[in-house]
Amino acid sequence: MDPRTWLAERDPRLAAATEGLELFRTERPADPAVALLRAIVGQQLSTTAAATIWGRVEAHFGSDLCCEAVLDTPAERLREL
């Protein structure tokens, strides 16, 4: 069940008040390791800083983003992101 439907079933007034707002990210990375990396970045920083750094990570790795690619990247390069 998607989050908006779950919310509407439990609190129709809150669901109505939030109609049209983007509250939930429903797309998830296919690779659980990528989802974990994103969560770690997000927990350590402000939302804005995390979004900036995650954008750099995605730009650097592109479609090759996976655990192996991150592990093969020197620590100095990761710090530069």
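The values are calculated or read from the model by the stated rules, or taken from the named source; none is laboratory data. Treat the numbers as computed from the prediction; the structure is a model and nothing was measured. Every residue, glycine as well, gets a Cβ built from its backbone with ideal geometry; the counts of neighbours run over all protein chains shown. Please note that ligands, DNA and RNA were not included when accessible areas were found on the heavy atoms of the full protein model with its side chains. Shrake-Rupley method; radii C 1.70, N 1.55, O 1.52, S 1.80 Å.
Tabulated values for the structure
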item: Helices (runs of 4 or more DSSP H) completely within the chain that count 1 or more residues being open to solvent by less than 70 Å² (accessible area, probe 1.4 Å) and in contact (Cβ under 8 Å) with a residue 12 or more places away in the chain; result: 3-10, 32-44, 47-61, 67-72
item: Hits in region 9-25 (condition: of a type in the set (Asp, Glu) and modelled with pLDDT under 80); result: Glu19, Glu22
